[in-house]
């Protein structure tokens, strides 16, 4: 049988900002309890008193990863270089039986110049090629028989080198996404390898995004 505590947990899990504010003791329990009376009453299909909700809020134990644990602090402090690459274009192409062969020809050209920016991601139905904008005409020509779903110019990539043990830290990416969201920065694309994390933003957001990520590190 579902309880008030279960309902409180369900609501907080779906609202991480609220959950974090609660874990940092910067939220008014009484005011929050009043706000939750209606949704929790609907969930339980009976009237619930604010006092019962406030007691559940005070007893709630947020995940350790939401707080600044010693392990999380160490990983964030050991973040590597932050690199910015501008003047990029993102091509979204529908997957086809010829795309890989055409992509191989593009790779042959790109491999001749290590200064060019390039990433390729293949999904179930579509693929993304992100390249330096100087290659735009070359990409369009070599993929002229493919179905383009979207082409976005004027993008910048911000890459962060992550510590070797980053894959064992739960909630690491949350710190980046939280800061970027609070700053009102729209992410066009997110890329990652084992030890590297890259966000793609429109040029108008790049300075703000870079500053936001540096704040996470500091």
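The values are calculated or read from the model by the stated rules, or taken from the named source; none is laboratory data. Quick caveat: nothing in here was measured; it's all calculated off a predicted structure. Virtual Cβ from ideal backbone geometry, glycine too; neighbours counted across all protein chains shown.
Of the candidates 155, 172, the single residue that is on the phi < 0 side of the Ramachandran plot, in contact with a strand residue (DSSP E or B) (Cβ under 7 Å, 6 or more places away or on another chain) and surrounded by 16 or more Cβ atoms within 10 Å (Cβ to Cβ) is 155.
For the range 144-175, a residue qualifies if it is assigned to a loop (DSSP other than H, G, I, E, B), modelled with pLDDT under 90 and touching a helix residue (DSSP H, G or I) at 6+ places or on another chain (Cβ under 8 Å), and the qualifying residues are 162, 163, 165, 169, 170, 171.
Residue count for the range 192-211 under the criterion of being within 17 Å of residue 87 (Cα to Cα) and either in a strand (DSSP E or B) or under 10 Å from the mean Cα position of the chain (by Cα) (or both): the result is 5. With respect to the conditions (1) more than 19 Å from residue 197 (Cα to Cα); (2) in contact with a helix residue (DSSP H, G or I) (Cβ under 9 Å, 6 or more places away or on another chain); (3) surrounded by 15 or more Cβ atoms within 10 Å (Cβ to Cβ), residue 126 lacks only one, and its number is (2). Given the conditions (1) touching a residue at least 40 places away in the same chain (Cβ under 8 Å); (2) within 23 Å of the chain's Cα centre (by Cα), report the number of the one that residue 168 does not fulfil. Residue 168 satisfies all of (1) touching a residue at least 40 places away in the same chain (Cβ under 8 Å); (2) within 23 Å of the chain's Cα centre (by Cα) except (1).
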